[in-house]
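Here is the structure we will look at.
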Amino acid sequence: VGRPETEWPRLGAMSVLGNALFDVERYEDALSVQEAELSMARRLDASEEHILVVRSNLASTYEVLGRDEEALVLRRDVHSRRVNRDGEEHTTTLIAANNYALSLMHLQRYQEAKSLLRRTLPVARRVLGDDDETT
């Protein structure tokens, strides 16, 4: 409290607060905090990793609020950036692909989800194994 906004501890505190509000099902409040966190992260030139995590959290909040189209836009972007940044075999990319497919299914875009999962499931099985919750 009383520190300039440019300090990193405030950004971390916003992340914790947004996640806690989501966990206790105060989704509108979580949304407000997550949107502010994303804005602050961009102003502070936070790492791409941090921004991807915030965008993924924001997509989850949009989904529980019934804002599925907005969630899909974020999920698609996070997945694309993960593929380009981390590669198709990275755990975070595979999780992003799974989240993206779930968003497609929420919107009843089953063919797109099926196509995505057909490409990523064999990779996930090879990289993570059949016993992983993602596969």
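Looking at the chain, do any whole DSSP H helices span at least 20 angstrom along their long axis by alpha carbon and average 1.6 or above on Kyte-Doolittle, and which? Could the numbers behind the result be given before it?
Values: long enough: 8-23 (23 Å, 0.52); 27-43 (24 Å, -0.61); 48-64 (24 Å, 0.07); 68-86 (26 Å, -1.34); 91-106 (23 Å, 0.55); 110-128 (24 Å, -0.32).
Both cut-offs are met by no helix.
With +1 assigned to the C-beta of every Lys and Arg and -1 to the C-beta of every Asp and Glu, and no other charges, what is the dipole magnitude of region 95-135 about the Cα centre in debye, to the nearest 20?
Dipole about the Cα centre, nearest 20: 280 debye.
Hey, what did the chain get for relative contact order, percent, Cα under 8 Å, at least 6 apart? If you can, show how the numbers build up before the last one.
Details: 124 pairs, mean separation 20.0, N = 135.
The value is 15 percent.
Shape verdict for the chain, please, from the Cα gyration tensor: rounded (a/c under 1.5), prolate (a/b greater than b/c) or oblate.
Prolate, because a/c is 1.5 or more and a/b exceeds b/c.
Each value in this text was obtained by applying a stated rule to the coordinates, not by laboratory testing. Values in this document were obtained by computation on a predicted structure and should not be read as measured data. Glycine also receives a Cβ, built like all others from the backbone with ideal geometry; neighbour counts cover every protein chain displayed.
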